[in-house]
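Take a look at the structure set out below.
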Amino acid sequence: MSPVSKRADSDVGAPKAPQKIEVTNGNHAAAKAIVHAAYDGEGYYPITPSSDVGQEVDRMYAEGETDVQLVRGTSELAAISIAGGMSIAGGRVVDVTSANGVLLKAEELPVLSGLGLPVVMNVATRDVSAPLNIKNGHSDLAAALGMGWLILLAPSVQATYDMNIIAPRLAEAVNLPCLVVYDGFHTSHGTRKIEIFEDREDAQDFIGEPPERPTFLDVDDPRTFGPYMNDDLINTKVVLEQKMEEAAELIPQLFEEYGELTGRNYNEVMTYGSDEAGVSGMVALNTAAETTKVAVDDLADEGVDTRLIEPLVLRPFPEKEILNAVDGLDTLVCAERVSQYGAGNYLANEIGALLQREGKDTTILERTYGIGGLRFDAGDARELLELADNYPDVPDEDKKRKDYHDAWPGDPDFEPEEKMEPIPEDATIFTLDDEERNVERVNTRELANMPERIGPHSGCPGCGIFANLQVFLRGIEGHTAVLFNTGCGMVVTTGFPETSFKITYFHNLFHNGSSTASGIVEMYQRFKRQGKITDDMTVIAVSGDGGTDIGMDQVIGSALRDDPFIMLEYDNKGYMNTGNQVCYSGIEGQYNTNANVGPNQVGKPYAHKDITEIMRGTHAPYLFQAAETEERDMIIKARKAQDAVRNGNFAFGKLFSVCPLNWGMAPDKGNEAVDKAVNSCMFPLYEVENGITTLNKNPEEKGDKIPVEEMLQTMGKAFAHLNLEDNPELVEKIQADVDRRWERLKAMDASDVL
């Protein structure tokens with residue numbers, strides 16, 4: 001066997017620019033490259049497994065290592081739109097995402113390519129749901145193939161750094177946005193020894209100054225960007241195609257120049273193994289290709305010659321290089337970590353069409369592997385290589401053109417065991433007459449036998465989510481169904497094949513729960529009118545972990561339509577399910593993983609979003625705030641919310657929810673933290689009934705009101721720096737903001753019309 005090329009990240013000579021060794025993972029390599037490339041700005045929204053990139057950039061910003069402007073959006077679409085705004089203003093801009101984040105950005109992706117904005121976006125690949133999965137898959141990459149973006153693949157941690165240095169120069173040279181795609185978890189969290197520029201100015205010299213282009217801020221040459229266009233639109237698409245052709249000519253030159261500068265050589269398509277005719281081979285992307293090299297070597301040691309084909313560029317599609325790489329192969333397995341259901345797979349179709357045009361007779365087999373992070377090791381690669389090598393001798397009945405590697409059929413005779421009995425309606429009924437509707441008359445002991453709707457779960461010790469929900473659900477009688485946005489409350493209760501829910505449950509994505517609930521109650525009402533169902537049911541949508549940031553527009557829509565369901569938010573002050581990133585309801589100055597504390601920055605840089613007051617503007621019939629430590633108050637509010645729904649109206653409630661893990665607080669300190677949040681008036685307990693405000697607890701009246709600082713010092717390490725000794729001006733600002741909101745709330749409580 002004669003090797004066609006070395007591994008993609010191997011040294012090819014002494015570098016012109018000094019390099020230094022770092023031990024890091026793919027996400028941090030991307031972050032380091034972002035800082036070395038001297039980007040002006042980054043749009044950011046957290047999503048596993050790519051969140052760490054923005055977090056690391058923010059850490060370096062807080063420490064004064066970079067001045068890149070990181071702007072935290074309220075959704076993936078917001079983040080890419082922020083990036084678009086930065087770019088149209090002339091900035092060098094980057095974004096990072098994964099999985100459904102790509103889909104949520106999809107509306108904006110062709111906008112940026114159509115406008116010729118050279119934004120770079122990293123994608124740490126992950127399978128899109130449903131069902132929800134956070135592991136590696138290339139369905140997000142496949143979704144972006146036709147968006148007009150350049151696409152570079154990074155098969156290793158080293159390549160992730162390098163492609164992020166090459167990408168901005170390529171994007172700016174042809175005025176197209178560019179994806180840098182690396183594998184989620186396998187690369188994003190895989191720690192390796194890599195080389196980076198010793199002096200970041202060498203990286204910046206390679207990229208160069210941004211070329212001149214029209215920008216939004218050029219007052220001497222005002223332009224119209226993104227106009228309305230009819231017949232001429234096709235001509236702009238021709239220009240986009242021409243840019244791709246220009247990029248195809250430029251990429252080899254950039255790779256060669258980068259190789260001379262760093263000693264690390266890349267080609268549009270890397271090959272590994274035999275260059276002899278008459279052998280078989282496999283095409284694979286990213287980490288699967290790196291794994292396959294081991295199998296190629298093992299087979300060669302046994303006298304079996306095979307060839308690996310590893311594209312590093314997908315857009316523009318490297319036709320000539322693919323043809324050269326496939327030349328002489330009898331059979332080619334196109335292994336893809338994605339499937340195009342009901343049709344040929346993406347890469348297989350493109351390679352197959354190319355070979356047909358060129359009159360090549362290589363047999364192509366399609367094999368989908370590794371979806372959802374399913375293990376793919378050298379043994380799996382060997383199986384596929386041997387399939388290609390032995391294909392002429394495979395029995396006809398086994399000669400499948402398309403198949404799924406390592407899928408298993410399960411047991412067709414398996415019948416799942418019923419693990420819980422439905423909760424009968426009469427087990428949830430309690431009496432609470434209209435004239436008894438006050439906190440003092442609710443006997444919580446009488447509700448102690450109320451069946452729990454949520455059973456055992458894997459939540460963290462001290463988590464406030466389920467303490468809140470269990471108390472709230474005690475106040476709900478009759479049949480109940482719940483919907484959860486993506487978040488901790490969902491993840492720790494529904495790990496397949498188990499579930500914590502003893503009632504009907506549905507999960508939709510991070511921001512879609514309220515709209516899904518609207519659709520459900522529309523059909524519920526329709527089918528009741530038609531007599532198809534007779535049971536009464538209360539629908540409750542649950543959000544948290546920042547779900548009313550990304551989903552705020554949908555919550556407002558449900559409220560404005562007055563859709564009859566209860567919307568609950570457990571407010572834990574961060575995107576906790578993805579690792580404690582900034583949520584807009586978080587407290588100003590608190591530590592988040594993307595709002596670090598350092599010389600240049602003190603935590604979250606803006607005041608907390610008052611969601612309940614925002615909802616007041618929808619004129620929803622019933623709004624409230626409640627806390628688990630005030631059990632009677634929460635139960636009475638649950639009943640009022642249910643009554644609103646039974647009367648055909650929308651209800652919204654916000655529950656203060658502790659997060660000991662991410663706050664850095666002892667798990668047994670939750671009740672103390674909740675009490676102090678209420679008594680400091682940071683989280684006041686009140687309700688708004690048909691526009692009229694009632695304070696349910698006034699700490700001032702009993703002399704219980706405490707300074708905000710005292711609350712913050714109870715809430716753990718994420719807030720410990722917020723004290724009058726270390727950050728006096730910030731603590732005074734927070735106190736003044738809380739006082740202003742509290743005085744306003746008292747005034748509304750005293751009013752007959754507010």
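Just a few scattered comments:
- Amide hydrogen proximity for Ile151: with H placed 1.01 Å from N in the peptide plane, the residues at 5 or more positions away or on another chain lying under 5 Å are Leu179, Leu314, Arg315.
- Violating pairs (Cα-Cα greater than 26 angstrom) within the set Lys105/Lys320; Lys32/Lys604; Lys609/Lys717: Lys105/Lys320
- Principal-axis tilt of helix 76-88 within the chain, Cα atoms, nearest 10 degrees: 60
- Assigned charges on the beta-carbon of Lys, Arg, Asp, Glu; the chain dipole about Cα centre (debye): 1640
- Each residue of the range 417-426 is assigned a 3J(HN,Hα), and the resulting list reads 6, 6, 9, 8, 8, x, 7, x, 4, 5 Hz, derived from the Karplus form 6.51 cos²θ - 1.76 cosθ + 1.60 (θ = phi - 60°), x at Gly and Pro.
- Net charge, Lys360 excluded, C-beta distance under 14 Å - Lys, Arg +1, Asp, Glu -1: -4
- Every Cα-Cα pair in the range 616-706 was counted, and those over 16 Å apart are 58% of them.
- What a 1.4 Å probe finds exposed on the chain is 49% carbon and sulfur by accessible area, rounded to a whole percent.
- Note on the chain: dipole from Cβ charges, positive end direction compared against Ser558, Ala83, Leu695; the farthest Cα belongs to Leu695.
- Less than 5 angstrom separates the built amide H of Arg264 from those of Val12, all sequence-distant by 5 or more or on a different chain.
- Computed about its Cα centre, the charge dipole of the range 149-306 is approximately 620 debye, with only Lys, Arg, Asp and Glu carrying charge at their Cβ.
- Burial order of peptide ranges 581-591, 388-398, 254-264 (average beta-carbon count within 10 Å, highest first): 581-591, 254-264, 388-398
- With Rh defined as the Kirkwood radius, the inverse of the mean 1/r over Cα pairs, the Rg/Rh of the range 1-149 is 1.01.
- The Rg/Rh ratio for the range 327-404, using Cα coordinates for both the radius of gyration and the Kirkwood hydrodynamic radius, is 0.96.
- Loop-located GluC sites (Glu not before Pro) across the range 28-133 with a Cβ neighbour count of 11 or fewer within 10 Å are Glu107, with loop assigned by DSSP.
- Computed from backbone phi with θ = phi - 60° and the Karplus coefficients 6.51, -1.76 and 1.60, the 3J(HN,Hα) list for the range 668-680 is 8, 9, x, 4, 4, 5, 5, 4, 6, 5, 6, 6, 7 Hz; x is used for glycine and proline.
- Under a 5 Å amide H cut-off, with hydrogens placed 1.01 Å from N, Asn592 pairs with Lys604 among residues at least 5 apart or on other chains.
- Relative to the longest principal axis of the Cα atoms of the chain, helix 157-174 runs at roughly 80 degrees.
- Highest to lowest packing among 145-158, 639-652, scored as the average C-beta count within 10 Å: 145-158, 639-652
- Sequence-distant lysines (8 or more away, or on other chains) whose Cα lies within less than 19 Å of Lys640: Lys654, Lys697
- Kirkwood estimate for the range 582-666, i.e. one over the average of 1/r between Cα atoms, Å: 15.1
- 0 to 90° range, to nearest 10: angle between helix 513-529 axis and the chain longest Cα axis: 60
- When the helices of the chain are scored as -39500 (n - 2.57) per DSSP H run of n ≥ 4 and the total is divided over every residue, the value at 222 nm lands at -11000 deg cm²/dmol.
- For the chain, a Kirkwood hydrodynamic radius built from all Cα pairs, placed in the Stokes-Einstein relation at 37 °C and 0.692 mPa s, yields a translational diffusion coefficient of 115 µm²/s.
- Protection-proxy order for peptides 721-727, 330-336, each taking the mean of Cβ atoms within 10 Å per residue, highest first: 330-336, 721-727
- Spatial extent of the range 78-130: Rg and Dmax, with the Cα atoms as the point set, Å: 11.2, 38
- Cut-off 14 Å between beta-carbons: net charge of the residues surrounding Pro497, Lys and Arg +1, Asp and Glu -1: -4
- The chymotrypsin sites (Phe, Trp or Tyr not before Pro) found in the range 316-422 that occupy coil by DSSP, while having at most 13 further C-beta atoms within 10 Å, are Tyr341, Phe414.
- Probe 1.4 Å, protein heavy atoms only - accessible area per residue of the chain in square angstrom: 42
The values are calculated or read from the model by the stated rules, or taken from the named source; none is laboratory data. Owing to the predicted nature of the structure, the values given are computational and were not obtained by experimental measurement. So basically every Cβ, Gly included, is an ideal-geometry build from the backbone, and we count neighbours across all protein chains shown. Surface areas here come from the heavy atoms of the whole protein model, side chains and all, with no ligands, DNA or RNA. Shrake-Rupley method; radii C 1.70, N 1.55, O 1.52, S 1.80 Å.
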